[in-house]
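Colleague: The structure is given below, and queries will be raised subsequently.
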Amino acid sequence: MEIQNWIMVQMVIDLVIACLLLWFIRLNMKSRKADSELDEAFRRSEAILDEIRELSLSLDKNLEEKRKISARILGQLDETLERADEACSRVRDAARDLGANTAGSKNLPKNSDQIRSSVNALISRGLQKEEIAQHMGMSVDEIDLLIKLQNHSGQGAQKSITR
């Protein structure tokens, strides 16, 4: 019986070795699975970083375009402001030429003949009704009324002015 016992012991040892071998294989598989998960996480991280870099470049391009557009708009605003200053200067010059006081609201002529001649002179200089009304201290409707009255009475107002 001793040989049979040795065979049994040998079988138990073989079985334990086989179990240990299976356990190590399984443990190694789990380790590989964890490594592959880490590799996948690194790949996803790199993909996200690449997307962030692309977005950053796109945002930089957009920001540069916005800067250029802003600079162009500011330039246009400066030009418009200069034109407005020139128009204001023209109104002041026209008022000074007509003998009006340009400092404040006392720039109205004294009588209706002076008002009509001032309005006619400003129209002939090419000023718009709004500019004339502001300079004369009158409303645009009053300027329209003066023009219509002059057209109606035939005193030579320009009929083509309908601004």
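Colleague: Full-extension gain between HIS152 and GLU46, please, as 0.36 nm times their residue separation minus the C-alpha to C-alpha distance.
Modeller: Length gained, HIS152 through GLU46: 29.9 nm.
Colleague: Starting at the first residue of the stretch 55-62, write each ³J(HN,Hα) from the Karplus equation 6.51 cos²θ - 1.76 cosθ + 1.60 with θ = phi - 60°, in whole Hz, x for Gly and Pro.
Modeller: These are the phi-based 3J(HN,Hα) values: 4, 4, 5, 4, 5, 4, 4, 4 Hz.
Colleague: At 0.36 nm per residue, and after removing the present C-alpha to C-alpha distance, how many nm does the segment from ASN28 to LEU55 gain when stretched out fully?
Modeller: Here the answer is 5.7 nm.
Colleague: Another question, if that's okay. Can you tell me the length gained on complete extension of the stretch ASP93 to LYS66, counting 0.36 nm per residue apart and subtracting the Cα distance?
Modeller: 5.7 nm
Colleague: What's the magnitude of the charge dipole for the stretch 19-61 around its Cα centre, counting Lys and Arg as +1 and Asp and Glu as -1 at the beta-carbon? Answer in Debye, nearest 20.
Modeller: It comes to approximately 360 debye.
Quick note: the coordinates plus some simple rules give every number you see, no bench work behind them. This one's a predicted model, so the numbers in the text were calculated from it and none came from an experiment. Cβ: placed from backbone, ideal geometry, glycine included. Neighbour counts: every protein chain shown.
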